[in-house]
Amino acid sequence: METMGEYLDSQDQNFQSPRRGEVVTGTVVSKSKDGILVDIGSKSEGIIPDSDLAGLDPDYLESIQIGNEIPVYVVRPDSPDGAVVLSLRRGAAEKEWQTLGDLFKNGEIFEGKVIGRNKGGLIVGFEGVRGFVPLSQIASLSQASTNGTVEDRLEEMVGKTIWLKIIEMNRRQNRLILSERLALHNWRRQQKERLVHEIEAGQIIRGKVSSLCDFGAFVDLGGADGLVPLSELSWGRVKHPKEVLQVGDEVETYVLNVDQDTKRIALSLRRAQPSPWDSINDRYQVGQLVSATVTKLTKFGAFARLSDGLEGLVHISELEDRRIGHPKEVIKEGDDLTLKIISIDPQRQRLGLSLKQAQEVLGRWQGMMETVVSPGNPSTGDAVPEPEPE
C-alpha cells in the first residue's frame, strides 16, 4: 500500500504547472466584485482580478457564467498568496489573434464591427484586438451619404458591421491591416458562383438597379449583377434606361439566360410583367382617339407611345392628306399628338395610328360645337323664327 506522502505526490503529478505567457482554457468557478475564480487544472485556482475586467464589453462579461470555459492568459504562475494570476483580456486577445491568423492564412473573409475612425480610415474591434481599414480599402465609403466631408461619411459608418479581409498582420507589433474592398470583391465572386449555379432561365428574381449605361441596366441580384438589355427594359421603345429606371430602384426581373462559362446573366424587366398586348382589346378599339408622344421618325412614318407604354406606327400616308417626303415635314420627336386607332393586331403586336384621320374627327367635332353654341340653335330651347310674310 502506498503511503499518504506517495499518494499526495501522485496527485501533484496530475496537476499542470502553468507557465507565464501561456494561454489556457479554464472553467469559471465563481464570480465576485474582486474578480473571477477559474480552475485551470493546476494545484491552485487562478484569479482574474477586477482590474483586468475594467473596460471589457459589459455584455461579454455578463455572458460569462459559472461552469463556462474561457481562454485566459497566465500573468503570474505563482503569486504570494499561492493563486495563479490570470488575464481574461489578454487571453481573449491571444485567442483572437490565433483565429485571425487562421483567417489570414486561408485568405478568408469575415465580418467586423467599426468602433471608431480617424483621418486615415476606420478602426475595427475584435475580442481584445483592434484592426485598421485605410481609406483606400473602404469600398462602402462612396455608398454613404453623398453630403458632407470624408470625416462625416466615416462617422456614419461607426457602429456598423462590414465585410473584411486581412491584408497585413504582425502579432509582435500588434499590427492588423484590413480591407473592405477586397472582402467585398471576394464575397461578390463567391455569391456570383453560387447564383449562376442556382438560378435558371425563366425564373423571376427581385434585385436592385446598380448602374445604368447606354446599352442597358445592371441589376444586383444579391452579390452578382445581371444585364437588362435596352430592348428588354419596357414593352415600349426606350432610348436610354434613365427614361424608366433610376439607380437604387428595386425591380422584378425575368431570367433570360445564364451562361455558366462566362458567368453572365441576361435579364428582362418587361417579361417579368404581363404583356400589354395580351389585354389590348380590353382597353382600345378601332376608331378610338388616343393621346401619344412621338418617339421616333423613319422614312416610312413615325412611332408614337401611348400612356401605358404601347407603341404604334403612324404611316407616312396617315400624317397628312397631301403627299410628303418625310415625317419631319409635319412632326418631330417629342410631340404630343391626338391620334386615331385604325388597326389592332395583338398577335403581331402591331398598332396602326393616324394623325390625319384624328384631325378629321376633331374637325367635325369642332364644327358640331360651333353649331351647338350658334344663336337660335334648337338645343338652346329657342326655335329658329320663320320669316315674316310680306
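Values in this text are rule-based calculations from the coordinates and carry no lab data. The model shown is predicted, which means the values in this text are computed figures rather than measured ones. Don't worry about glycine lacking a Cβ; one is built from the backbone with ideal geometry, like all the others, and counts go over all protein chains shown.
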Degrees between helix 180-198 axis and first principal axis of the chain (Cα, 0 to 90, nearest 10):
60 degrees
Pick from Gly131, Gly55, Gly334: which is most flexible by mean-square fluctuation in a GNM of the chain where alpha carbon atoms under 10 Å apart are linked?
Gly55
Between the stretch 275-353 and the stretch 41-57, what is the C-alpha centre distance in whole Å?
83 Å
Helix 88-106 axis, angle to the chain major axis (alpha carbon atoms, nearest 10°)
60 degrees
Could you tell me what percent of the DSSP beta bridges with both partners in the stretch 130-229 are antiparallel, to the nearest 5?
95 percent
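What percent does the relative contact order of the chain come to when contacts are Cα pairs within less than 8 Å and at least six residues apart?
Details: 722 pairs, mean separation 29.4, N = 390.
Relative contact order here is 8 percent.
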Within the chain, percent of DSSP bridges classed antiparallel, to nearest 5
95 percent
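At 0.36 nm per residue, minus the direct Cα-Cα distance, what do Glu320 and Tyr60 gain on full extension? Give it in nm, one decimal, please.
On the way: separation 260, 0.36 × 260 = 93.60 nm, distance 8.18 nm.
Residue separation times 0.36 nm, minus the Cα-Cα distance, leaves 85.4 nm.
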Using alpha-carbon pairs under 8 Å, 6+ residues apart, how would you state the relative contact order of the stretch 21-93 in percent?
35 percent
Scoring the stretch 280-369 by relative contact order with C-alpha pairs under 8 Å, at least six apart, yields a percentage of 30 percent
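Which entries of Lys31/Lys113; Lys208/Lys239; Lys208/Lys242; Lys239/Lys340; Lys192/Lys239; Lys242/Lys263 show an alpha-carbon separation above 23 angstrom in the structure shown? Write down the numbers at each step before the final one.
Details: Lys31/Lys113 28 Å; Lys208/Lys239 21 Å; Lys208/Lys242 14 Å; Lys239/Lys340 25 Å; Lys192/Lys239 29 Å; Lys242/Lys263 26 Å.
Pairs exceeding 23 Å: Lys31/Lys113; Lys239/Lys340; Lys192/Lys239; Lys242/Lys263.
Compute the length gained on full extension between Lys299 and Glu96: take 0.36 nm times their separation in residues and subtract their Cα-Cα distance, giving the result in nm to one decimal. Don't skip to the answer; put the middle values down first.
On the way: separation 203, 0.36 × 203 = 73.08 nm, distance 7.26 nm.
Full-extension gain reported as 65.8 nm.
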Give me the one-decimal nm value for the distance between modelled label points at Asn281 and Asp261, 7 Å along each residue's Cα-to-Cβ direction.
4.4 nm
Note the angle between two axes, namely the Cα long axis of helix 355-372 and the longest principal axis of the Cα atoms of the chain, as a number of degrees from 0 to 90, rounded to the nearest 10.
60 degrees
Hits among aspartates and glutamates - C-alpha to C-alpha of Lys165 under 14 Å, sequence gap 8 or more where chains match:
Asp102, Glu108, Glu111, Glu180
With +1 on each Lys and Arg Cβ and -1 on each Asp and Glu Cβ, how big is the dipole of the chain about its Cα centre, in debye rounded to the nearest 20?
1540 debye
What label, among (1) 1.04; (2) 1.83; (3) 0.92, belongs to Cα Rg over 2.2 N^0.38 Å computed from the structure on display?
(2)
